[in-house]
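> I'd like to ask you about the structure that follows.
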Amino acid sequence: MDNDQKQYEVAVIGLGAMGAAATYQLANKGIRVLGIDQHDPPHSHGSSHGETRITREAIGEGPQFVPLARRSHLLWRKIEAASGKRLFTQCGGLIIAGSGLDSPLHGQRNFLRSTVDQAIQHNILHRQLAAQTIAEQHPQFAVDDYQCGYYEPGAGFLNPEAAISAQLSLAESVGATVITGSKATWSKVGAGFAISVNGNIFYVDKVVLALGPWLPQAVPYISPRLTVRRQSLFWFALDGTVDYRTNTPIFIWHWGPGENEVFYGFPQIGPKPEIKVASEQTCKSTAPDNVERHIDKDECVHFYARHLASRLRGVSNRCTRATSCLYTCTEDSDFIIDWSPEQADMLIVSACSGHGFKHSAAIGEAVAEMITTGTTPAVLLPFALKT
């Protein structure tokens with residue numbers, strides 16, 4: 001490898017949701033970009049796996065996310081057209097909560113109310129549903145009379161593995177260099193950086209760190225702001241009495257007013273009669289290199305009894321498979337996308353607090369603009385490092 005081959009304008013380290021999107025968008029702008037990942041993306045070691053990720057336009061987490069979600073919906077279709085892969089299934093989305101009760105999620109005390117507010121403010125097509133209407137239109141859900149819902153026809157789910165694979169392939173097709181299965185280290189050299197990978201040294205002008213759960217150990221000064229949490233994903237068998245393939249939206253169900261009294265799920269998406277469901281735990285922290293990745297039987301039994309047993313019709317207690325993933329969370333469930341205050345020309349793109357994948361296409365595009373212009377696009381200004 002000659003010296004010219006070792007010179008790049010930008011290195012993107014970490015090729016999950018954000019890193020893959022940034023690599024593609026930079027390469028698509030004609031930037032000479034090097035993408036590096038210690039694993040072989042798409043992989044199951046971080047935050048961007050599990051076959052499905054919810055996407056929606058009215059973002060209950062706050063108005064700062066709505067432009068990213070709406071732009072991403074457009075970009076997913078463009079990436080689908082360019083790659084020939086199906087990435088975005090628009091099956092509609094349903095949020096259920098107790099009428100007049102709290103529905104805490106991702107830093108919001110009343111997630112349902114916040115979602116409705118964003119839909120109204122941004123003129124997003126939606127319907128507010130009473131319990132009887134939910135029961136009539138979506139008989140999969142055994143709702144109680146005091147519950148109500150928000151339905152968004154433009155919502156749906158993304159295939160995270162396919163999305164990452166498509167963007168990395170497209171990035172390489174327009175000139176990016178992608179190195180996987182290799183850990184990178186870096187040091188400041190003059191006006192740029194020296195990146196060491198497998199004994200090779202690459203010289204770059206700027207670095208994008210999209211390390212997800214590995215960010216706290218790689219950048220210690222940011223570590224106190226972040227908490228890595230293990231999350232569990234489950235697939236439960238259907239008993240054949242209720243159809244979860246047609247007229248089944250993605251769903252987020254706040255069955256109680258407590259922070260952990262919520263779960264979410266998806267339609268049946270493959271030939272196997274099963275659906276994927278999950279919740280979010282916000283109490284225990286971990287680290288990516290020593291996390292317990294195995295989901296044991298007791299965890300499956302507990303999840304079914306706590307969340308599903310009296311709520312999802314036609315879903316049996318037989319867990320067909322389960323896996324874990326990692327969320328890298330800030331205290332307020334916001335994102336961090338900003339230049340490092342310690343190293344010039346290093347852009348930190350994390351954390352995503354467990355709700356970032358839906359926004360990643362637009363974030364990748366905005367990061368590419370930030371790198372090439374040196375200015376922060378308006379859509380990223382809310383995610384600056386807080387002092």
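> Anything in the range 1-52 that is among the charged types (D, E, K, R), more than 12 Å from Glu161 (Cβ to Cβ) and open to solvent by 20 Å² or more (accessible area, probe 1.4 Å)? List them, or say none.
At the first step, the residues of the range 1-52 found to be among the charged types (D, E, K, R) are 2, 4, 6, 9, 29, 32, 37, 40, 51.
Filter once more, so that each one left must be more than 12 Å from Glu161 (Cβ to Cβ): 2, 4, 6, 9, 29, 32, 37.
Result: Asp2, Asp4, Lys6, Glu9, Lys29, Arg32.
> Of the numbered conditions (1) more than 22 Å from Thr227 (Cα to Cα); (2) in contact (Cβ under 8 Å) with a residue 40 or more places away in the chain, Gly14 fails exactly one; give the number of that condition.
Against the list (1) more than 22 Å from Thr227 (Cα to Cα); (2) in contact (Cβ under 8 Å) with a residue 40 or more places away in the chain, Gly14 comes up short only on (1).
> Among Pro224, Pro216, which is free of Cβ contacts under 8 Å to residues at least 12 places away in the same chain and either surrounded by 14 or more Cβ atoms within 10 Å (Cβ to Cβ) or not aliphatic (A, V, I, L, M) (or both)? If you could, list the steps in order and put the result at the bottom.
Values: Pro216 fails: free of Cβ contacts under 8 Å to residues at least 12 places away in the same chain.
After ruling out the rest, the residue left standing is Pro224.
> Among the candidates Thr185, Thr177, single out the residue that is farther than 23 Å from Gln268 by Cβ and surrounded by fewer than 15 Cβ atoms within 10 Å (Cβ to Cβ).
Values: Thr177 fails: surrounded by fewer than 15 Cβ atoms within 10 Å (Cβ to Cβ).
Selected residue: Thr185, the only one of Thr185, Thr177 that is farther than 23 Å from Gln268 by Cβ and surrounded by fewer than 15 Cβ atoms within 10 Å (Cβ to Cβ).
> Considering every residue within the range 295-315, establish whether at least one is of a type outside the set (Lys, Arg) and touching a Lys or Arg at 6+ places or on another chain (Cβ under 6 Å).
Start the filter on the range 295-315 by keeping residues that are of a type outside the set (Lys, Arg), which leaves 295-296, 298-305, 307-310, 312, 314-315.
Narrowing further to those that are touching a Lys or Arg at 6+ places or on another chain (Cβ under 6 Å): none.
Checked against the condition, which is being of a type outside the set (Lys, Arg) and touching a Lys or Arg at 6+ places or on another chain (Cβ under 6 Å), the range 295-315 yields no hits at all.
> If you check Gly93 against the conditions, is it touching an Asp or Glu at 6+ places or on another chain (Cβ under 9 Å) and within 18 Å of Ser353 (Cβ to Cβ)?
Working: touching an Asp or Glu at 6+ places or on another chain (Cβ under 9 Å): yes; within 18 Å of Ser353 (Cβ to Cβ): no.
No, not satisfied.
> Which residues, counting only those in the range 229-244, are over 19 Å from the mean Cα position of the chain (by Cα), open to solvent by 10 Å² or more (accessible area, probe 1.4 Å) and either at pLDDT below 95 or of a type in the set (Gly, Ala, Ser) (or both)?
Scanning the range 229-244 gives a single hit, Gly240.
> Residues that are hydrophobic (A, V, I, L, M, F, W, C) and open to solvent by less than 20 Å² (accessible area, probe 1.4 Å): find the strands (runs of 3 or more DSSP E) completely inside the range 305-368 holding 3 or more of those.
Working: elements: 315-330, 337-339, 346-349.
In the range 305-368, 315-330, 346-349 are the strands (runs of 3 or more DSSP E) which contain 3 or more residues that are hydrophobic (A, V, I, L, M, F, W, C) and open to solvent by less than 20 Å² (accessible area, probe 1.4 Å).
> Cβ-Cβ under 6 Å, sequence separation 6+ or interchain: first residue in the range 359-378 and without any contact (Cβ under 8 Å) to a residue 40 or more places away in the chain, partner surrounded by 24 or more Cβ atoms within 10 Å (Cβ to Cβ). Which pairs?
Sorted first by the residue in the range 359-378, then by its partner, the pairs are Pro377/Ala366.
> What number of residues in the range 289-315 are under 15 Å from Phe266 (Cα atoms) and either in contact with a strand residue (DSSP E or B) (Cβ under 6 Å, 6 or more places away or on another chain) or polar (S, T, N, Q) (or both)? I'd like the intermediate steps shown before the answer.
If we filter the range 289-315 for residues that are under 15 Å from Phe266 (Cα atoms), which is where we start, we get 307-308, 311-315.
With either in contact with a strand residue (DSSP E or B) (Cβ under 6 Å, 6 or more places away or on another chain) or polar (S, T, N, Q) (or both) added as a condition, the list becomes 307-308, 314-315.
The qualifying residues number 4.
> Does at least one position in the range 68-88 carry a residue that is of a type in the set (Lys, Arg), closer than 17 Å to Pro249 by Cβ and open to solvent by 30 Å² or more (accessible area, probe 1.4 Å)?
If we filter the range 68-88 for residues that are of a type in the set (Lys, Arg), which is where we start, we get 70-71, 77-78, 85-86.
Okay, now just the ones that are also closer than 17 Å to Pro249 by Cβ, so none.
Within the range 68-88 (the criterion being of a type in the set (Lys, Arg), closer than 17 Å to Pro249 by Cβ and open to solvent by 30 Å² or more (accessible area, probe 1.4 Å)), the answer is no, since none of the residues qualifies.
The values are calculated or read from the model by the stated rules, or taken from the named source; none is laboratory data. Just so you know, these numbers come straight off a predicted model, no measurement behind them. Quick reminder, even Gly has a Cβ in these numbers, built from the backbone with ideal geometry, and neighbours come from all protein chains shown. Just so you know, the surface numbers come from the protein's heavy atoms only, side chains and all, with ligands and any DNA or RNA stripped out. Shrake-Rupley method; radii C 1.70, N 1.55, O 1.52, S 1.80 Å.
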